[in-house]
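The next block holds one structure in the form of structure tokens; read it before the comments.
Any read-out appearing in this document is the output of simple, stated calculations on the displayed coordinates, not a laboratory observation. Source: prediction; values computed, not measured. Virtual Cβ from ideal backbone geometry, glycine too; neighbours counted across all protein chains shown.
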Amino acid sequence: MTVAAAVALWHRAHLYKALACVVLTLIAIQYLLSGVLDRRSIETIFTINATRYATNNYRNHPRGLIIYGPATVASLPGNASVWPTSALSEIAIPSKSDTIPTGTSGGSAVGVPNQDASTPNTTDTTIQQRCPLIPPNLVGPVAVSLSPTEKKFTEVKPGGRGFPSNCIARHRVAIIIPYRDRPNHLQALLQTLHPILLRQQIDYQIFIIEQEGTGLFNRAMLMNVGYVEALKERTFDCFIFHDVDLLPEDDRNLYTCPEQPRHMSVAVDKFKYRLPYADLFGGVSAMTREHFRLVNGFSNVFWGWGGEDDDMANRIKARGLHISRYPANVARYKMLSHKKEKANPKRYEFLKTGKKRFTTDGLSNLKYQLVDKQKPKLYTWLLVRLTPPQPS
Ligand code: BGC
Ligand code: MN
């Protein structure tokens, strides 16, 4: 072999090495890129196929199937200038909106046990997004009617449950109504409330908690029972305690729970649409599941009319929370007439000594018997026998 041939061979060997290096580098680059691409296509495929796994995964991993996409925020409904600004602050503004696949039957209860009607359909591949921050179909002031309507409420599920059909609700709300012997009021409230709650795009259920017998009414204890019993059905994250005789007059008064407990019936016609006093927490009020537990619910010692809501206001303050409110032009209610209840003469005394009972009197010592439970079309009805608490 000549020297020239040897040099040429040496060069060719290097050329092959260089080529091999280039090929290996290209393979490595392709491998890395394919990882990224694969992951994306897995996400896409997962989004579409996830319904197959929905039932189990939703129960065990509340947000396991959520895939993030661009946020959808609707424009302000109605007259934007009267929209309560706190309506926005009460909802953590998402930078991402959740998209999950669900069936056509709803699917608003992400991660909720016992989802029943809202459990995503396992064959449908419809992709739903969370509902807009501000429900787009609100109308503002609503006409309040006292005469029964023929309306069928086709969107309401048995037991008085509703949820949006084309988006994932942001709130799971239990409406708790203490009740006894007011059929006309109940009828008027239900026909006012359902259309409003549906337009508000919340996932809700209305609970009527009826006190058995003719003894003194205990509104507070019935609300505690409502809280406990509602949680046996589903993990509601928000509780609205609602007098049966108050009809909301404006659908911008959102039935949701803000960061602080909210007094909702700010302006009532009976009080000339003015708040009687700053700490009022009666009528209609909203508290998160955690806050209600934190304050140990309502006191159980208030039998007869008055005081229990004031005691709750004290509990709220004692835990470093405060009462929030929407503006009076939105948080408006009409009060239905009824004969005046006999006020509890002991209420001031109980209020004065309330503080020492905050931790021992409430959810912690609640005693009752569930006598009956039924789910007619427009509400879940529970008949309860209250057991007066033992003195602590
Ligand atoms: C009572 C409250 C009631 C309020 C408004 C107060 O005197 O203690 O229970 O909600 O009046 O009627
Ligand atoms: Mn009343």
Label-zone membership for region 295-310, site Val228, 7 angstrom Cα→C-beta point, backbone N under 12 Å: 297-298, 300
FRET efficiency, 1/(1 + (r/R0)^6) with R0 41 Å, evaluated for Asn166 and His338 via beta carbons: 0.55
Net charge of neighbours whose Cβ lies under 14 Å from the Cβ of Arg332, counting Lys and Arg as +1 and Asp and Glu as -1: +2
Whole-Å semi-axes of the ellipsoid equivalent to region 252-349 (Cα gyration tensor, √5λ, descending): 21, 20, 11
Label point distance in nm, Ala18-Lys373, each placed 7 Å from Cα along Cα→Cβ: 8.0
Burial ranking of peptide ranges 186-192, 145-151, 249-255 (average Cβ count within 10 Å, highest at the top): 249-255, 186-192, 145-151
Principal axis box of region 138-386, alpha-carbon based, largest edge first, Å: 48, 39, 37
Cα-based shape type of region 324-387, given that a ≥ b ≥ c are square roots of the gyration tensor eigenvalues and the cut on a/c is 1.5: oblate
Computed lengthening from Leu216 to Ile127, 0.36 nm per intervening residue step minus Cα-Cα distance: 26.9 nm
